[in-house]
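Asks: Can you keep this structure in mind? I'll have questions shortly.
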Amino acid sequence: MSSGNQRQAPLPIQIEDLTVAYRAEPVLWDIDVSFHEGTLTAIVGPNGAGKSTLIKTVLGLIEPSAGQVLIYGQPYEQQRRHVAYVPQRGSVDWDFPTNALDVVKMGRYGHLGWIRRPGVKDHQLALEALRKVGMEAFARRQISQLSGGQQQRVFLARALAQDAKIYLMDEPFQGVDATTEKAIVDVLKELKSMGRTVVVVHHDLETVPEYFDHVVLLNVRIIASGPVDEVFTPENLRRTYASRLDGAATDLELASAGVVLQSQEDGDGRVPNAQPDRY
Amino acid sequence: MDVFQTLSLIVTDYTLRNVALGAGILGIVSGALSTFAVLRKQSLLGDAMSHAALPGVVLAFIITGQKTPLVLMLGALIAGWLGVVLVSVITSQTRVKYDSALGLVLAVFFGFGMMLLTWLQGQNIASQSGLDQYLFGRAAAIVEHDVQTMALLGVAVLALVAVFWKEFKLLSFNPDYAATLGFPVRAFDIALTTLIVAAVVLGLQMVGVVLMSAMLVAPAAAARQWTDRLGVMIVLSSLFGAVAGAGGAIISSTTTRLPTGPTIVLCISAIVLISLLFAPNRGIVWAWLRQQRNRAELQKAMLLEKVYQVSYLEGSPLQTHPLEELRTFMRGSQLERALEALKQDGYMHLDEDGRWGLTPSGVAQAEAILRERPRALARRPSPDGLRQEVVG
């Protein structure tokens, strides 16, 4: 997943020399990474590492201070149709007066363009998307009456209704129930089997090897990126979760990373050379 | 003046007709706009803008020496816009948050306006009298031309909302997502703000700067109580605005020395109060009743279960018990109410000796309750466990 310019077919997402800063403090520093077609990639890193900022910048929601993002070789503005976005559930007010189906139909708005209203075809596509996440029975339900996991699935269905080639998801697994987690995983697998490119901001280190084939370890800079088997190592994780200021992890970070590494080792032994003692 | 006389006056009296129409249309416009302001959590934007308009009105008079509404409205428009721009500059360039920035702009502009107004009143300029009507509004000053202008704005607002319905909905619910789809969030912001400023400016004569803000919050707050659908909410909000506007204007015009603005605001406040209390689902009264009903149902279920367990232990689920024995399960009045309700349901009966017992259908109901419980909660009457529970 290194950046390379000599490829023939343009990559789904190519990020070059990207730096983003709020005021003086850089949130992302010199990011070079690309995402290949048909991959499921987790973006992992501590709080404040710039994970959400990274995908928001890809989506053109945040203006970078330097560098660029290319979607199939062109700026985002020219490729919107190919990109679907699942924002964080907490980013909207769920007391908004509307129902689940209506929210999913919003996924069709980009295709409809100005003024035109969703038609029969959009209605069918929205229902189909709701079915894929197991929410067809809740189509007419007022969104404030849905559980957190159900709301998350509605957002996922909305992105599916966009019928895009690239899916960017911001913490879809955050605080969801087991049913929702399974529904999301099933959708991820289906998207992969259809050759879609999926990038997910992810919190739970334990499930990374199970759910994803690629991983980007991010802490303002890219610490490592590539296939999970190669880069999801204790050493890389330690470097990712180490504090930026003095190079040593805080107690809290050590504890969370350490615990996870131990359980990885205890589990299927996928992470070699894990040495919890060192932490 | 009785109601019939008032109604006939609306048709025949030129001033009253203008006032009622003007305030009604203002209500419709601000009602529709308030829906979006409230849903976008920008309720205070109208507040800040209406207050910011005051120095614009006074300065326009000082500069031109004229009191024609058009000139003063222009001043209000410029000042209101300046206020909005200032809020946006403060939030983007400093660490001051949006609500604080609104508060700052509101206070500074309004204070400045009041200072100018007071200074002007001390200047002994005869023509300045009447400017203070922009503080609290004076509906009687409304002429047909004003009504026409308001109607024009009303039609423009409603047409825009109807045409760009899908865009308004998406941009209000999830602006970031709208931006990724390519809809211009910034332009929408400006358009909505411009419409709100226009409504504020038109409302100045009618209700004044102090209370125009209420018209940009209250109708939507009331309407939200009654519906879960955006379309219905906008219609209701406009309706509430119209009723309060026309109603308040008529009341104040037909009563001596009652200011228009406060009267209109009192009308919309009454609608808000009724909505908060009595709207189905969201209303406080229904929520309270629902809670009482739930509590009563739980108490009934609890009593049924305990009587079943004790009776079962004593040999037969149909066993009867004196009232005193049941008092160990529940406090006095609660127990009597629950027993009475269970008797009504046909689950318990009172025999000639004054003893309470389960009916066969009561036994079935108690067993159903126990079955439905999660296993951990259900304390089925296994002899040992039950004895401990009853004794303890």
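FYI, it's all coordinate maths here, none of it is from the lab. This structure is a prediction, so every number in the text was calculated from the model and none was measured. All Cβ positions, even for glycine, are placed from backbone atoms using ideal geometry, and neighbour counts span all protein chains on display.
Asks: Non-local amide H neighbours of A:ALA224 (under 5 Å, H modeled in plane, Pro and chain starts lacking H): which ones?
Replies: Hits under the 5 Å cutoff: A:LEU217.
Asks: Let's see if you can work this out: charge +1 on each Lys and Arg Cβ, -1 on each Asp and Glu Cβ, no other charges. What is the dipole magnitude of chain B about its Cα centre, in debye to the nearest 20?
Replies: Roughly 740 debye, rounded to the nearest 20.
Asks: Can you tell me how much longer the chain between A:LYS121 and A:ARG81 gets when fully stretched, taken as 0.36 nm per residue apart minus their C-alpha distance, in nm with one decimal?
Replies: 12.7 nm
Asks: Hey, what's the Cα Rg ratio for region B:64-218 versus the globular rule of thumb, 2.2 N^0.38 Å?
Replies: The value comes to 1.20.
Asks: Taking the Cα centre of region B:286-378 as origin, work out the dipole magnitude from +1 charges on Lys and Arg Cβ and -1 charges on Asp and Glu Cβ, in debye rounded to 20.
Replies: With Lys and Arg at +1 and Asp and Glu at -1, about 580 debye.
Asks: I need to check one value: relative contact order of region B:171-320, counting alpha carbon pairs closer than 8 Å and at least 6 residues apart, in percent.
Replies: 16 percent
Asks: Give me Rg/Rg_expected for chain B, where Rg uses Cα atoms only and Rg_expected = 2.2 N^0.38 Å with N residues.
Replies: Its radius of gyration relative to the 2.2 N^0.38 Å reference: 1.47.
Asks: Next up: Taking only C-alpha pairs under 8 Å that are 6+ residues apart, what is the relative contact order of region B:286-378 in percent?
Replies: After rounding, I find 30 percent.
Asks: Right, next: Taking every DSSP beta bridge that has both residues in the protein assembly as shown, what percent is antiparallel when rounded to the nearest 5?
Replies: Close to 60 percent.
Asks: Against the globular-protein guess of 2.2 N^0.38 Å, express the Cα radius of gyration of region B:272-330 as a ratio, rounded to two decimals.
Replies: My calculation over the Cα atoms of region B:272-330 gives 1.77.
Asks: If you add up the charges near A:ASP32, with Lys and Arg at +1 and Asp and Glu at -1, over every other residue whose beta carbon is less than 11 angstrom from its beta carbon, what do you get?
Replies: Here the count lands on -2.
Asks: For region B:1-111, taking Cα atoms only, what is the radius of gyration to one decimal and the Dmax to the nearest whole Å?
Replies: Final numbers for Rg and Dmax: 18.2, 58 Å.
Asks: Also, quick follow-up: Which whole number in µm²/s is D for region B:253-377 by Stokes-Einstein, with the Kirkwood Rh taken over Cα pairs at 25 °C and 0.890 mPa s?
Replies: 138 µm²/s
Asks: In addition: Taking region B:224-324 as the region of interest, what is the percent of Cα-Cα pairs per 5 angstrom bin, listed from the shortest bin to the one with the maximum distance?
Replies: 2, 11, 12, 12, 10, 8, 7, 6, 6, 5, 5, 5, 4, 3, 2, 1, 0
Asks: Can you work out the Karplus-derived ³J(HN,Hα) for every residue in region B:278-291? Use 6.51 cos²θ - 1.76 cosθ + 1.60 with θ = phi - 60°, whole Hz, and x for glycine or proline.
Replies: Karplus values, whole Hz, x for Gly and Pro: 10, 4, x, 6, 8, x, 4, 4, 5, 4, 5, 4, 4, 5.
Asks: Now for a different question. Take each of the peptides B:201-214, A:28-41, average the number of other beta-carbon atoms within 10 Å over its residues, and list them starting from the highest.
Replies: Those peptides, ordered most packed to least, come out B:201-214, A:28-41.
Asks: Rg (Å, one decimal) plus Dmax (Å, integer) for the alpha carbons of region B:80-144?
Replies: 16.0, 47
Asks: Picking from B:LEU116, B:LEU104, A:TYR211, whose Cα lies most toward the positive end of the charge dipole for the protein assembly as shown (charges on Cβ: Lys, Arg +1; Asp, Glu -1)?
Replies: Toward the positive end, the furthest listed residue is B:LEU116.
Asks: Report the calculated FRET efficiency for B:TRP288 and B:TYR98 (r = Cβ-Cβ distance, R0 = 30 Å), to the nearest 0.05.
Replies: Calculated value: 0.30.
Asks: Where the centre of each part is set by its Cα atoms, how far does region B:260-331 sit from region B:233-255, in angstrom?
Replies: 37 Å
Asks: What share of all Cα pairs of the protein assembly as shown, in percent, falls into each consecutive 10 Å distance bin?
Replies: 3, 12, 17, 16, 16, 15, 12, 6, 2, 0
Asks: Now for a different question. Provide the gained length on full extension for the span B:ARG337 to B:GLU372, in nm with one decimal, where the gain is 0.36 nm per separating residue minus the Cα-Cα distance.
Replies: 10.2 nm
Asks: May I pose another question? Give me the distance between the Cα centres of region B:93-142 and region B:176-215, rounded to whole Å.
Replies: 20 Å
Asks: Separate question: Defining a contact as two alpha carbons under 8 Å apart and six or more residues distant in sequence, what relative contact order in percent does chain B show?
Replies: Dividing the mean separation by the residue count of chain B yields 20 percent.
Asks: Which whole number of Å³ per residue matches the convex hull of the alpha-carbon atoms in region B:4-60?
Replies: Hull volume over Cα atoms, normalised by residue count, gives 112 Å³.
Asks: Take the residue pairs A:LYS189/B:LYS166; A:LYS121/A:LYS182; A:LYS105/A:LYS182; A:LYS121/B:LYS166 and return only those whose Cα atoms are more than 25 Å apart.
Replies: The answer is A:LYS189/B:LYS166; A:LYS121/A:LYS182.
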